[in-house]
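Participant: Got a structure for you, questions after.
The values are calculated or read from the model by the stated rules, or taken from the named source; none is laboratory data. What you are looking at is a predicted structure, and each value in this text was computed from that prediction instead of being measured. Cβ placement follows ideal geometry from the backbone for every residue including glycine, while neighbour counts extend to all protein chains displayed. Heads up: the accessible areas ignore ligands, DNA and RNA and are worked out on the full protein's heavy atoms, side chains in. Shrake-Rupley method; radii C 1.70, N 1.55, O 1.52, S 1.80 Å.
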Amino acid sequence: MKRLLSGIQPSGELHVGNYLGAIRNWVDLQDEYEAFYCVVDLHAMTVNSPAPESLGERTINMATALLACGLDPEKSTLFVQSHLTEHSELAWILNCVTPMGELYRMTQFKDKSSQHQQNINVGLFTYPVLQAADILLYQASAVPVGEDQVQHIELTREIARKFNARFKKVFTEPKAVLTRTGRIRGLDGQAKMSKTLNNQIPLLADEDAIHKLLRPAFTDPARLRRTDPGNPKVCNLFPLHQGFSPDDDIQRVDKECRKAEIGCVECKRLLGANMAETLAPIREKYHALGNDHVQGVLRDGAERARAVASKTLEKVRYGAKLLKV
Ligand code: AMP
Ligand code: TRP
């Protein structure tokens, strides 16, 4: 079975954009691959975002949410990055084959250093090297990510090639696997759904909260009156229908919106009900999973991950001709 690795930062509450754009895909892929999923807490330390919870709490909440969405510890390995010292150790070694110039080119570094001008730290700069270590330790051939991460995966390939050429062929070159859902826009219709822009539907919202959030949501700007025909292709909410509604409802909305047979109010009510149906079991499972259980899953996960990661690191140490311990 081919191996896969992906990571997510414990940056706070998940929203339905994360679910459709990443997590649902992770759940599907665990049947096709030997999958490793990592909560990347060390990456989250590169920004200083004030959060009500500690990094540890955010980490366990993220792991709980992933399990609630359907990651199954019997099928895939879920673990926390900082629980394995192998990640930071390999990152150091890879720092030594990564050209500074490549890191300066990274779009995410440019964006984040302009967003956090008071805190442009070295971690933010070498962030992609730690990401390369996450991937290369597991010899993963596939890395499911959103398109904003493609540049980091390309760099990972280059780092692997540089190490293999300078020392010894140790690493497999990974490929990005793009999720079929594109960017989900926020309820304001202006930008991608994101917690920082406060235009999200939280994954754990209940049915009332979902309806409340959808009511004022931006739809199709040309549809001002109930009698104006709409265009699902430009409607901000149609991608959510495609993510959450059964096929019959998607087809009905697609047809009736164009003919002004269904209004936005009714359409939002239908969407809200469909979203609630998918999200209710996730919310229930989230609240039912106890911290002790999740900690146990993460401990097991770390052990399984270490079995693979420590072998790779041994090859790296040997390849780089470091003195044996
Ligand atoms: P972030 O919270 O931005 O680090 O994203 C975590 C994961 O969710 C990444 O794989 C993103 O590609 C995905 N993601 C975040 N926001 C959206 C969105 N609005 N639409 C689709 N996918 C998203
Ligand atoms: N940088 C990724 C993001 O912002 C998170 C990440 C860290 C990751 N390590 C990874 C993704 C390894 C894939 C593989 O979304």
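Participant: Might you check whether a residue that is closer than 17 Å to I282 by Cβ and hydroxyl-bearing (S, T, Y) occurs anywhere in region 58-70? Don't jump to the end; show me each part of the working.
Facilitator: Residues of region 58-70 closer than 17 Å to I282 by Cβ: 60-70.
Retained after the next criterion (residues that are hydroxyl-bearing (S, T, Y)): 64.
The answer is yes, given that some residue of region 58-70 is closer than 17 Å to I282 by Cβ and hydroxyl-bearing (S, T, Y).
Participant: Let me ask something additional. Quick one: K175 ticks every box in (1) over 27 Å from E284 (Cβ atoms); (2) charged (D, E, K, R); (3) touching a residue at least 40 places away in the same chain (Cβ under 8 Å); (4) surrounded by fewer than 18 Cβ atoms within 10 Å (Cβ to Cβ) bar one, so which box is it?
Facilitator: K175 satisfies all of (1) over 27 Å from E284 (Cβ atoms); (2) charged (D, E, K, R); (3) touching a residue at least 40 places away in the same chain (Cβ under 8 Å); (4) surrounded by fewer than 18 Cβ atoms within 10 Å (Cβ to Cβ) except (3).
Participant: If you scan region 23-48, which residues turn out to be within 29 Å of L271 (Cα to Cα), within 11 Å of ligand 1 (Cβ to nearest atom) and touching a strand residue (DSSP E or B) at 6+ places or on another chain (Cβ under 7 Å)?
Facilitator: Kept after step one, since they are within 29 Å of L271 (Cα to Cα), are these residues of region 23-48: 23-31.
Applying the additional criterion that residues be within 11 Å of ligand 1 (Cβ to nearest atom) yields 23-26.
Across region 23-48, the qualifying residues are N25, W26.
Participant: Select from region 268-315 the residues that are among the hydrophobic types (A, V, I, L, M, F, W, C) and free of Cβ contacts under 8 Å to residues at least 40 places away in the same chain and write down the one among them that is nearest to E34 (Cα to Cα). Explain how you work it out, then say what you get.
Facilitator: So the first thing to find is which residues in region 268-315 are among the hydrophobic types (A, V, I, L, M, F, W, C), and the list is 270-271, 273, 275-276, 279-280, 282, 288-289, 294, 297-298, 302, 305, 307-309, 313.
Filter again for free of Cβ contacts under 8 Å to residues at least 40 places away in the same chain, leaving 270, 288, 307.
Values: L270: 37, A288: 27, A307: 14 Å.
Step by step, filter region 268-315, then rank; the result is A307.
Participant: With region 75-193 as the region, which helices (runs of 4 or more DSSP H) entirely inside it contain at least 1 residues that are away from ligand 2 (no atom under 14 Å from the Cβ) and more than 29 Å from K321 (Cα to Cα)?
Facilitator: Values: elements: 85-95, 100-105, 107-115, 122-136, 150-166.
In region 75-193, 100-105, 107-115 are the helices (runs of 4 or more DSSP H) which contain 1 or more residues that are away from ligand 2 (no atom under 14 Å from the Cβ) and more than 29 Å from K321 (Cα to Cα).
Participant: Return yes or no: is A51 within 15 Å of ligand 1 (Cβ to nearest atom), over 14 Å from the mean Cα position of the chain (by Cα) and in contact (Cβ under 8 Å) with a residue 12 or more places away in the chain? If you could, list the steps in order and put the result at the bottom.
Facilitator: On the way: within 15 Å of ligand 1 (Cβ to nearest atom): yes; over 14 Å from the mean Cα position of the chain (by Cα): yes; in contact (Cβ under 8 Å) with a residue 12 or more places away in the chain: yes.
Yes.
Participant: Could you check how many residues of region 106-123 are away from ligand 1 (no atom under 14 Å from the Cβ) and either at pLDDT below 95 or open to solvent by 20 Å² or more (accessible area, probe 1.4 Å) (or both)? Give the derivation first.
Facilitator: We begin by selecting, within region 106-123, every residue away from ligand 1 (no atom under 14 Å from the Cβ); these are 106, 109-110, 113-114, 116-123.
Still in the list and also either at pLDDT below 95 or open to solvent by 20 Å² or more (accessible area, probe 1.4 Å) (or both): 109-110, 113-114, 116-123.
Residues that pass the stated criteria total 12.
Residue-wise test of (1) modelled with pLDDT of 95 or more; (2) closer than 30 Å to P232 by Cα; (3) open to solvent by 80 Å² or more (accessible area, probe 1.4 Å).
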{"residue": "C267", "(1), (2), (3)": "yes, yes, no"}
{"residue": "L270", "(1), (2), (3)": "yes, yes, no"}
{"residue": "A276", "(1), (2), (3)": "yes, yes, no"}
{"residue": "E284", "(1), (2), (3)": "yes, no, yes"}
{"residue": "N291", "(1), (2), (3)": "yes, no, yes"}
{"residue": "L298", "(1), (2), (3)": "yes, no, no"}
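Participant: Still on this model: If I ask for residues that are under 16 Å from L270 (Cβ atoms) and of a type in the set (S, T, N, Q), which ones from region 185-236 would you list?
Facilitator: T219, N236
Participant: Take S11 and tell me if it is out of contact with any Leu (no Cβ under 6 Å at 6 or more places or on another chain), within 15 Å of ligand 2 (Cβ to nearest atom), modelled with pLDDT under 95 and not in a helix (DSSP H, G or I).
Facilitator: When the stated conditions are applied, S11 passes them.
Participant: For residues that are buried (at least 19 other Cβ atoms within 10 Å of the Cβ), within 14 Å of ligand 1 (Cβ to nearest atom) and not hydrophobic (A, V, I, L, M, F, W, C), scanning just region 129-148, find the one that is nearest to E89 (Cα to Cα).
Facilitator: D134
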